[in-house]
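Worksheet: one structure, shown below.
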Amino acid sequence: MSELRVFPVEKQGLWVLNVDGYINAHTVQKFEQSLQDLLKEEKYQILLNCRDLSYINSSGLGVLMGSIDEIQEKNGFLWLCDMNETVFHIFDTLGFTHLFPVYQNEEEAFSKFNSEEPPS
């Protein structure tokens, strides 16, 4: 069974959820719980750092879709960054790159977050 590690870290008012491993049927509950823990603490400005994410399946994508309404209702956002080619291809093929802003890296996301423009 594949292992998943999730590390939430607050940086400059933005919550970075670092994901390491595979999000699949065996690990999705851990991923969902980590995201829900942030929402329960009213942390709605979230950057999902996918640098160490090797794979995500439909159950993981479902967790993201299931959370976005609550996040947006609270004027928050869920951004993605640092995707490898495989993970980006999954998101792009399924149209998720049109639903969630994707940044090349944390620095680009922080630049957007700290700009005058409102988060999208």
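Here, each number is a calculation from the coordinates, and none is a lab measurement. Owing to the predicted nature of the structure, the values given are computational and were not obtained by experimental measurement. We place every Cβ from the backbone using ideal geometry, glycine too, and count neighbours over all the protein chains shown.
Taking the condition surrounded by 13 or more Cβ atoms within 10 Å (Cβ to Cβ), of a type outside the set (S, T, Y) and within 14 Å of the chain's Cα centre (by Cα), does D37 pass? Reasoning before the result, please.
Numbers: surrounded by 13 or more Cβ atoms within 10 Å (Cβ to Cβ): yes; of a type outside the set (S, T, Y): yes; within 14 Å of the chain's Cα centre (by Cα): yes.
Here the answer is yes, as D37 does meet what is asked.
For L80, indicate whether it is assigned to a helix (DSSP H, G or I) and closer than 22 Å to R5 by Cβ. First the steps, then the outcome.
Details: assigned to a helix (DSSP H, G or I): no; closer than 22 Å to R5 by Cβ: yes.
Here the answer is no, as L80 does not meet what is asked.
For E32, are the conditions met, namely being within 19 Å of G76 (Cα to Cα), part of a helix (DSSP H, G or I) and charged (D, E, K, R)?
yes
If G60 passes every condition in (1) in contact with a Phe, Trp or Tyr (Cβ under 7 Å, 6 or more places away or on another chain); (2) among the small types (G, A, S); (3) surrounded by fewer than 16 Cβ atoms within 10 Å (Cβ to Cβ) but one, which one does it miss?
(3)
Looking at the range 1-15 only, could you name the residues that are in a strand (DSSP E or B) and in contact with a helix residue (DSSP H, G or I) (Cβ under 7 Å, 6 or more places away or on another chain)? Steps first, please.
First, the residues of the range 1-15 that are in a strand (DSSP E or B): 4-11, 14-15.
Hits for the range 1-15 are L4, V6, P8, L14, W15.
State yes or no: is G60 in contact with a strand residue (DSSP E or B) (Cβ under 6 Å, 6 or more places away or on another chain), in contact (Cβ under 8 Å) with a residue 12 or more places away in the chain, in a helix (DSSP H, G or I) and among the small types (G, A, S)? Full working, then the answer.
Working: in contact with a strand residue (DSSP E or B) (Cβ under 6 Å, 6 or more places away or on another chain): yes; in contact (Cβ under 8 Å) with a residue 12 or more places away in the chain: yes; in a helix (DSSP H, G or I): yes; among the small types (G, A, S): yes.
Here the answer is yes, as G60 does meet what is asked.
Tell me which of these R51 doesn't satisfy, since it passes every other one: (1) of a type outside the set (S, T, N, Q); (2) surrounded by 17 or more Cβ atoms within 10 Å (Cβ to Cβ); (3) in a strand (DSSP E or B).
(2)
List the pairs whose first member sits in the range 79-107 and is surrounded by fewer than 16 Cβ atoms within 10 Å (Cβ to Cβ), whose second member is among the basic types (K, R), and whose Cβ atoms are under 9 Å apart, counting only residues at least 6 apart or on separate chains?
Here the result reads N84/R51; N105/R51, each pair linking the range 79-107 to a residue that is among the basic types (K, R).
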